[in-house]
Structures are given as C-alpha cells and as structure tokens.
1. Give the number of residues within the stretch 20-51 that are touching a Leu at 6+ places or on another chain (Cβ under 8 Å) and within 17 Å of MET365 (Cβ to Cβ).
2. Out of curiosity, is TRP99 assigned to a loop (DSSP other than H, G, I, E, B) and at pLDDT 90 or above?
3. I want to confirm something. Restricting to the stretch 326-352 and keeping residues that are of a type in the set (Val, Ile, Thr) and in contact with a strand residue (DSSP E or B) (Cβ under 8 Å, 6 or more places away or on another chain), which single residue is nearest to HIS203 (Cα to Cα)?
4. Just checking: which of the helices (runs of 4 or more DSSP H) contained wholly in the stretch 577-687 hold 3 or more residues that are in contact with a Ser or Thr (Cβ under 6 Å, 6 or more places away or on another chain) and either farther than 25 Å from GLY149 by Cβ or of a type in the set (Val, Ile, Thr) (or both)?
5. Quick one: how many residues across the stretch 527-567 are in contact with a His (Cβ under 7 Å, 6 or more places away or on another chain) and assigned to a strand (DSSP E or B)?
6. State which residue pairs qualify: first residue in contact (Cβ under 8 Å) with a residue 12 or more places away in the chain and surrounded by 19 or more Cβ atoms within 10 Å (Cβ to Cβ) and inside the stretch 578-589, second residue polar (S, T, N, Q) and part of a helix (DSSP H, G or I) in any location, beta carbons under 8 Å apart, and separation of 6 or more residues or different chains.
7. The conditions are (1) basic (Lys, Arg); (2) buried (at least 17 other Cβ atoms within 10 Å of the Cβ); (3) within 30 Å of TRP128 (Cβ to Cβ), and LYS675 fails exactly one of them. Which is it?
8. Which of (1) polar (S, T, N, Q); (2) within 28 Å of GLU66 (Cβ to Cβ); (3) modelled with pLDDT of 95 or more is the odd one out, the single condition GLN480 does not satisfy?
Amino acid sequence: MTSAVVICIEYITGWGESLILRVGTSRFAMSWTEGHIWRAEVPVEAFHLEEKSELTFSFELVRGGEVVRREWRCHSLDEVRAAMAGAAEGRAVTLRTGWLDKPEGQAAGLPGPFRPDSQAAGSKAHPWRGAGVAVPVFSLRSEESFGIGEFHDLKKLADWAAATGMKVIQILPVNDTTMGGDWKDSYPYNANSSFALHPQYLHLPEVGIAQNQTYKKLQKELNSLPQVDYERVNREKNRLLLEYFYKKGKAIVQSDEYRQFVKENEYWLPSYMAYCVRRDGTAPEEFYGWEQFLLDRQLKDAADYARSRGVILKGDLPIGVCASSADVWAWPTLFHTDSQAGAPPDAFAEDGQNWGFPTYDWEAMSADGFLWWKNRLRKMSRYFDAFRIDHILGFFRIWEIPSAFSTGLMGHFSPALPLSKEELLHKGFDISRGRYVKPRKGRPESDVLFIEDPGKKGFWHPRIAAQNTLVFKELAPGMQAAYNELYDDFFYRRHNAFWKASAYAKLPDLLSSTSMLPCGEDLGMIPPCVPETMDELGILSLEIQRMPKEYGVKLGDTSRYPYNCVCATGTHDMDTLRSWWAKEGWELSGYAGSKRPEDASPEICEAFVREHLDSPAMLCILPLQDWLAVDGRLRYQGNPDDERINVPAVSRHYWRYRMHLTLEDLTSEKAFSEKIRSMVTSSGRNF
C-alpha cells in the first residue's frame, strides 16, 4: 500500500504567513517550495481510508499563530483515493489541488431553477430576490386533513404560493416527537429522532385507509376544532394506521420498493424501529418502518409537486436532540448527557432558556467526519432546497447548563476560554475566600459574579446577567465599572477568534455535504465572529425588524438590510404583527394617533409587509398570519394573540396553532391572491 500522500497547493502568502493542512481533526504544517507551492507529507493512515469514514481535508492560512483564512468548503477524500489509484506499492504519491473559494454569487440565488447562473436568478445589476410564506405543517387546515396539517396539504399551499408569486414555503421541523403520548409531545424541536418523520403528517386516504362514515364523522369533528387536539389526533391516527397495517400493510414491507428504502436508510432506521418498540411495546418493528416509508413517499411527493409549481420547501434543522431520543440511545458517545443546552437571557426569556437537550461531543463527532450530521443533512435535502439552521450560534459555542439547574442563569458558554484566578485578581476580584463565587447565606445560588468551569476547575466564567444580582448592586461604582469591562470583554471580544475557529472546524464540512441553501437563525447575543463567518460561508442571516442588530436601535430599517439575508416580520417564537402592534409596535413606529389603537388596521399591516418586500434582502419570508393581516375580511377576527405559535419563556408550551380558514378557501380568494402577487411583483421579487 502507498506509504504516504504528498499534498501540494499553489498559494501566494504574505510576510509571516504559512499554510496548515487539516485532515479531520489533525493538523500538518506545510512547507514552502519554489513557485509558491506549499507541500505536506501525510502518512496514509491519517486518512483512515479503510474505515467507513467521512473525513475531509482543507487548508488554513496562519499568521502570528492565528488562523486568518480558511477555505469555503472542504476537499473530499475522493481526491486522495484518485491520486492513489495505480500507485506503486510502498511509494509516496503526490496530490496537487487548489484552494476552494466561495463561487461568485454563491448566495445570490436558490438551488434548482433559482441558481445564480439561471435566468430566473436575475443579474448582478438586479440580483434575484424572492418572497415566501412561513407556517408549520401542523398549522395547515384543509377539507381533506384530519384535525392537523399534513404533508398532502403542502401541495395546496404550493398552489396558493404560486398564485401569489411566492417562491418559498418555510416550515418548522417535521421529525417524530412521540414520547409520552401527551400534549407535551407537540414541541417540534424536541424530536425522538433527527431522521424519522412524524406519523401525524400522514394523509390517511393516500395510505389506503377507507373514508367510511365513521372516518368522515371523526374527521369532521377534529377539523372543526379551532386548534389542534394533539393527543386525540395522534391517538386516532395511530389506531387507524395500526389496524390498516395488520390488514394490508405487511404486503408493502415485503416489496422491493420498501426493501430499497430500508437499505438507503440503514444508518438510522433499524435503531429507530427498535427504539419505538421499546417505547410503545404495542406494535412490531415493521410497523414503524412502514410508517416511515409512507411518510418519506408523501413528503417527497409534496416537495416534487411544489417544485413543479416553481416553489421550493425550506426545512428547519434543530440545534438539539432529546436526551431520551433514538439518536442518544444509538450513538451515546456523540453526546454529553450530564449537561443541558439552552440560551442565555434575552428578549424572549429573562432567565434564559433551558431546552433540556444534551450537548454535543464535537471531538467524538469529528472522528468519523461528522457522519451523523452529514446523514441528517442528506436526508433533509431529499425534500428541501433550503434550510434554516436553528440557533446557528450553537456551531460556534453553546450555552451549557449543568444538569442540576433548571434555568439558563447558571449556564456558561462551551467551548470557552475561562478566566484564571490571577486574571480575576488583576481586575480587582479576589475570589480566594469564596467572595463573588459563593452566595451569602440566605441568598439564591445564582447571586454570584462568577461561575466555575465544570471541566476546568480553578477557572471561571462571569455569570450571565450578573448586573441584576444583589452582589453586583452592592459593589462600589468603580468595581461595577471594572466588572462591566471584564464582562463585555469576555462575552464580546475574548472569544472572537476562538469561536470562529470552532465554527470553521464544523460548518464548511457540513455545508459542502448538500446543495441546500443554508440560512442561519442568528438572533440574540451575537459575537462579531458570527456575521463574518456566515458571510464567508454563504449562509444567509436572519433580519427581524423588531429585533434589530444595531446597538440602541429599537426598530430596524428594512431598507438597510444586507442582500445575503432572510427578512421577516416575525418568527414562530414571537407575537404576530398585529399582536406586537397592539402591545408596543404602535409606539415604536412613531404612530401619530393620540390614542393607543385597539388593533393594527389592514393598511398598517400592508405598510409593514411592503417595507419588507421592498428591502434588499434576498428572501422575504413572512408568517402566514401576517400575510393574511393585510386583508380585513380574511384576517383572523378573534384575539390576535390566539395566532401565536410559541412562547419561548414557557418551556412546556402547547404548539397547537391552526390557521382559521381552509387552504381551499384561501386558494379560492382570487382577488386576495392577485393583490399579494401585485405587491410581490412591484417589489421586484417576481422575475
């Protein structure tokens, strides 16, 4: 076998710069040779070519010991294999390759018919800009559904989107969340599998279940409910599916088509089926495989239909997985189950958020080239042409909360560069006797200024939002100023290069595994390394007018949005436009009336929608509720608060919002569709 691989690349470096070759998590110094050729000799064993691995290699530019530039995406080991083909036994082979830069206009269009090089993508003078609608699948309502939105309903939504000139349908995660069998399972970001689809989205008649009188009576009853009855819908669907499986489903699991599906999903499907049997104990493994086979077929069919109408589906990649999921059960070494992922305090939750998800062991994940992540993304790409990276900050650092705490206040960033005792003392904080790190008697455990790093004893993190504690308020003004300076440096400057390197160790490799357009959810406490990394990697940012990223600004200027972004009037975690207006929007926007309005008029809502459509943002994807708000007759006539999907501060929120009119009724409203189409077209978003 070949003993080594000499990898060469031509690169003109500046004074004091050098190149590093990264193979998986290993790094090899490269040496300069004549002609600006950099080379590194790597033992063939470093590539693990014999193993079922997804390792990649890439180059980094180093200056003064710090990485200052990386490739846009990683190289596949297929390059190494090709160089080794036919090589003499025991001899080194040479692989010459080039630096991978982001293609020009990478983020200037969507996959498929919206690629930057296609006619639909516009030109440099008029770059492609599209509009879309955001709505959870469970929120869809149609005459054919069964108390909850289904994959089948996405076809009807695609018809409406096409009629209005929209190009994108954005949905929430659609993975299986079935665990306890109660309404708490409605949380779409708490999946029991990162691969399995939720059985609640199956359209039963398409499976073959007869629509007899009993079925129609139950369907009518469930469809008449204003919100989803999560428990009853799933209980009844599961009963009908199980009955049908025992009658006719077994024939499907013996088909060649089903066997091919199992083979293509062998990475996760067997462990998921075994997990479901352990969870339920009421059905054989084949039943769960049969369900997944049908779900895959129905979602793929809906995605293909939408594409045929010039509309793509945008999926959602949750940052976490449930601690009791099939993923953690099947791959326990990939997760830290002694800690919980969450978010620091922000506008959504003053005590922070504790999602209860285990944190990732990124070092273990990198050992096989992030195979778990890549398989996850490849499965998503079967249905989606774009995807939202939930809490993209988690790829830079995660807010990690020890399992002993329930809120996010006692969390810390991981990975991080915690402060030593000497550094704290230099800033005037002597913790040698427990001062500032242990609460005074009778005070809560969170009344401290610093939290010890659980993995690095003797090193400390400033406690998030410590300015609200009693111990901080008792400090002398000079000490408060010293703490604030230390605090700001720690959270906004100290880790910038460190967290950027952390993201680059993961994201380029993952993004290059599919052709989906990546869009990041980058709201909250954002260090400077995040926007620059997203821009370098072609990841669209998220811009929300009521959560501007400029310090001290309360309402963003949509005309100043960057092109490489998705803009929206709100997200599933926020009030609808009408609810926000009634609570604070009327005041923030400089409403000229002398009295507080009871509700945002259709004209006010239309003005906000037009502002977003007219923005430079590549994608303007608005919640369905806000699109409907521009029409006084079609908008929801009850309390606008009823249309809110989630309240992040309530960890066990019931996710059950359902649109108040049917998709059939919406599609039949030709005048409304034409109005939206006119708004989209006049904004330059419909080429």
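1. Qualifying residue count for the region: 3.
2. Yes; evaluated as a whole, the condition is true for this residue.
3. Among those that are of a type in the set (Val, Ile, Thr) and in contact with a strand residue (DSSP E or B) (Cβ under 8 Å, 6 or more places away or on another chain), it is VAL328.
4. Once the helices (runs of 4 or more DSSP H) in the stretch 577-687 are filtered for at least 3 residues that are in contact with a Ser or Thr (Cβ under 6 Å, 6 or more places away or on another chain) and either farther than 25 Å from GLY149 by Cβ or of a type in the set (Val, Ile, Thr) (or both), what remains is 602-614.
5. 1
6. ARG578/GLN625
7. (2)
8. Against the list (1) polar (S, T, N, Q); (2) within 28 Å of GLU66 (Cβ to Cβ); (3) modelled with pLDDT of 95 or more, GLN480 comes up short only on (2).
The values are calculated or read from the model by the stated rules, or taken from the named source; none is laboratory data. Everything numeric in this text was worked out from a predicted model, so none of it was measured. All Cβ positions, glycine included, derive from the backbone under ideal geometry; neighbour counts span all protein chains shown.
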